1. Has segment A:475-491 got at least one residue that is surrounded by 16 or more Cβ atoms within 10 Å (Cβ to Cβ), under 22 Å from A:Thr191 (Cα atoms), within 14 Å of chain B (Cβ to nearest Cβ) and in contact with a helix residue (DSSP H, G or I) (Cβ under 6 Å, 6 or more places away or on another chain)?
2. Return the total of residues in segment A:446-457 being open to solvent by 10 Å² or more (accessible area, probe 1.4 Å) and more than 13 Å from chain B (Cβ to nearest Cβ).
3. Which residue, of A:Pro97, A:Pro65, A:Pro144, is open to solvent by 30 Å² or more (accessible area, probe 1.4 Å), in contact with a Gly (Cβ under 9 Å, 6 or more places away or on another chain) and not aliphatic (A, V, I, L, M)?
4. Is segment A:437-445 home to any residue that is aliphatic (A, V, I, L, M), over 17 Å from A:Ile516 (Cβ atoms) and crowded, with 23+ Cβ neighbours inside 10 Å?
5. Any idea which of (1) assigned by TED's automatic domain parsing to the domain that holds A:Asp399; (2) open to solvent by 20 Å² or more (accessible area, probe 1.4 Å) is the one A:Ile354 doesn't satisfy?
6. A:Gly216 - would you say it is within 14 Å of chain B (Cβ to nearest Cβ) and either crowded, with 17+ Cβ neighbours inside 10 Å or touching a residue at least 40 places away in the same chain (Cβ under 8 Å) (or both)?
7. Is it fair to say B:Ile263 is in a helix (DSSP H, G or I) and open to solvent by 10 Å² or more (accessible area, probe 1.4 Å)?
8. Just to be sure I understand, how many residues within segment A:509-540 are open to solvent by 10 Å² or more (accessible area, probe 1.4 Å) and not polar (S, T, N, Q)?
Amino acid sequence: MKRAFALLLSLLMLCSLLTACGGGNETAGGDEKEQETQGSQTDTPDNTNAPDEVQTLSILYSAEPSVLDVARFLGIADRSLFYNVLEPLVRIENGVPAAAGAESWSFSDDDLTLTFTLRDNCWSDGQPVTSEDYATALRRQADPKNAFAFASDYYAIVNFEAVSTGEMDADALGIETPDDKTLVLHLTAPTPALLSSSEFFPCRADVAEACGDTFGTEADKTPCCGPFVLTEWTHNSALKLEKNEKYWNADNILLQSATLNIIPDSNAQLASFENGSLDYLTVSDADYVKKFQGRDDMSEMLIPSARTQMVVFNCKDDVFQNAKIRQAFSLAIDREMLAEVISNGTATPAYSLIPAECSVGSLNFRENADEPLLALKAQHSDAKALLQEGMKELGLGEDTSKLTVSFAWGATTATARTYAELYQQMWQDALGCVVELEFNDSSTHMSNVNQGNYQMAITSWGANIEPQFQLSRWANKKGGQSQWQNADYNSLVSRANQTVDEKERLELYAQAEEMIVTDAAFAPVYFAAQRRFYYNYLQGLTGNTFDTMGLSGLYTVGRE
Amino acid sequence: MLKFTLKRLGYMLVVLFIVVTITFFLVHSIPGDPITAMVQDLPEETRTVYLARYGFDQPLGVQYVRFIKACLCGNLGESLRYPGRKVIDIVRNYAPVSGVIGGLSLAIGFTIGILCGILAALNRNKWPDKLIMVIAILGTTIPTFVTAAVLQYLLTVTWPIFPTTGWGQAKHIVLPVLCMCVGPVATYARYMRSSVLDTVNQDYILTAEAKGVSQFRIVTRHIFRNSFLPCITMICSSIAGIFSGSFIIESIFAIPGLGKYFISAINDRDYSVVLGLNIIFTGIYILAMLLCDILMALTDPRIRYSNDR
């Protein structure tokens, strides 16, 4: 009898569990709105080049956004969502700053005051976007309570640094809003690259206050005033954007909705693209590249990532404190081979830090500045001899086979191991020393590199339009991740950052780049690029790396 | 019985406390912190502000005391990687997702597994037995991610019957459940088979056969019931695992479940989420074990009496 009871009880448990789970499904799934991903419009044949009536996209989104609050977000990827749901004062369009939330802007004669005039725009609930909204965002970004990770992007504003570290009150910030349509920023020094390197988003003070800590954590707690409105957010799964009819430029936006899918697994991404669940995708897998190249309904484009892959050297290390040793390791890198093998032919060998896409004002940087490593290479044809010289200077003798150094990677995958071994082999062959490999997960790796707990490490740095961003990474007291402390370099970079004349600024940046690359604080390896495949019906995709236009220019033509 | 339950509850709290303490110090001993994991080359002053904001500038002992105090007040804290999301809300939102997938696959896997096990045992060394055992061995040896990747490609690209990834509709559940119930089917089939074979050799079965009880009755009343009991122990621990989800399946099918959340929290050094989820997983597991013990005590008086004494 008791056994029968026990059996019954366990069956009951199972049943109650199943019903409980069934109930959970409804709450997790949200409303069962049909996710239309395929336009069903059948146009008359003469209309084939006209945009489809149903305009909707399904694309891959890189990661779950941390929080959609401009003062607390942590992920660099989160910005791309802000470009879609918020209206920054200025957007980058075709590589140059273009009017967006601001109709116009002007610098004062001494370049220390920047005045924006806002255009008429509305939040999706109908409230007008005012200068106060932009000021609110900056004030919240400076508030130490929000511990904003990218606070240093705004140090050009008077007292921003002091306020963000809690040394001054928020009132001291150099921001003024004389009226609803005017925003004035007071700058500590002339900052010609400000608009191409920092974003100014608006933020609703009333909603932020009402929501408290949960502001920006759900779709209904994220006020929108950009080209799109965030209507659904299934965390860790998908975000749904709908066109914002109250957006100032709504008439020129064709796309009606977009689903941003968060798919962590690369095979699942490829499968989703292959069966048409995604409209475009960056593909690096060689087999899939070949497969997609053979499809008639797809096209490809090569997009420079404006990112420099590099090996950083720890200049405080016993061995790598010596410049000649660093130079030897830098010169021994076979950049052509690595770019070809690792990137499947998409990357460009890098003999400098600043990628070809960067410019200074209207001048392209790379066209006006030679790659410093080419000159160094011409000067020293024998990297091993250089290493021996360096070793002698350190009292390590001449026998390079007695030198053992370690090379750290921030990934533990099989691919990472293969690539690391490629570097290892290359250095061991060219220099005769022993290179040991160290693999860590990316968080540990990044923490080690930032704390100077390494000898050589793989890393990469993305660029902004102006070289200022990448060069500034080493222009601080610590000397960046390389701990390469050079007062001349620091003053050169900061002088350049404040030089308004484009030609002069470019010249200063070029000098700084030559200084750091020649002294080998790091060894640039290649400039990365991505191969993107898309279905032929997709229009409006651009390869402009720096653009911050979001999805607003995309539409479909002739989708079946 | 009450004394037995209370005693077990007491042990449970001690275990929970020990697990939480060990996890706390382990998590904090991994190099890196959430913001270093997210932001490359953070300025020192920003890092200081951040550490102070979350109290990480305090000595570890102080942090531990504060953490335990907060836990006792029922506050598991807030995610560091996803500011503004409370750990308790994360559990509330994602545990049901993992629960649906895990619960369904366990129920289906369990049922099919048990049936296959009985079928195999009753046809010992005949073809159904051999077929089922081959399938069971394949099911336990082929890793889930292989099954998942193959099924995903076949059923969403080659024959686009199901959506590749996503969550929210019934059709999204089919593939993940299919992949996840392969394991339970194999495990329970093998377990049930040996359990049935043990029972078949018991004297009381022989007695029943001698009495002339029909084969059907022997199987349903004697063999099934007696060989099923050991499976209760197994299913209790499996049920405990339902809500912790499967990292692999959730990643491959982009399902917003707890399994993926937990693993990425470790990678992101999201201390409070790791700790909070750990407390909840441990709690569920211990509770399941307790229920299992109670069930066993109810079914088998010997356990109860030896414990009472």
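1. Yes - at least one qualifying residue is present in segment A:475-491.
2. Step one: of segment A:446-457, the residues open to solvent by 10 Å² or more (accessible area, probe 1.4 Å) are A:446, A:448, A:450-455.
The next check asks that each one be more than 13 Å from chain B (Cβ to nearest Cβ); those that pass are A:455.
Counting residues in segment A:446-457 that are open to solvent by 10 Å² or more (accessible area, probe 1.4 Å) and more than 13 Å from chain B (Cβ to nearest Cβ) gives 1.
3. Values: A:Pro97 fails: in contact with a Gly (Cβ under 9 Å, 6 or more places away or on another chain); A:Pro65 fails: open to solvent by 30 Å² or more (accessible area, probe 1.4 Å).
Result: A:Pro144 is the single residue among A:Pro97, A:Pro65, A:Pro144 that is open to solvent by 30 Å² or more (accessible area, probe 1.4 Å), in contact with a Gly (Cβ under 9 Å, 6 or more places away or on another chain) and not aliphatic (A, V, I, L, M).
4. Kept after step one, since they are aliphatic (A, V, I, L, M), are these residues of segment A:437-445: A:437.
Now narrow it down to the ones that are over 17 Å from A:Ile516 (Cβ atoms): A:437.
Checking the rest, the ones that are also crowded, with 23+ Cβ neighbours inside 10 Å come to none.
No - not one qualifying residue is present in segment A:437-445.
5. A:Ile354 satisfies every listed condition except (2).
6. On the way: within 14 Å of chain B (Cβ to nearest Cβ): yes; either crowded, with 17+ Cβ neighbours inside 10 Å or touching a residue at least 40 places away in the same chain (Cβ under 8 Å) (or both): yes.
Yes; evaluated as a whole, the condition is true for this residue.
7. Details: in a helix (DSSP H, G or I): yes; open to solvent by 10 Å² or more (accessible area, probe 1.4 Å): yes.
When the stated conditions are applied, B:Ile263 passes them.
8. Of the residues in that region, 14 qualify.
The values are calculated or read from the model by the stated rules, or taken from the named source; none is laboratory data. Remember, predicted model here, so these are calculated numbers, not experimental data. Reconstructed Cβ throughout: ideal geometry from the backbone, glycine too, with neighbour counts over all protein chains shown. These area figures cover heavy atoms from the full protein model, side chains too; ligands, DNA and RNA do not enter into them. Shrake-Rupley method; radii C 1.70, N 1.55, O 1.52, S 1.80 Å.
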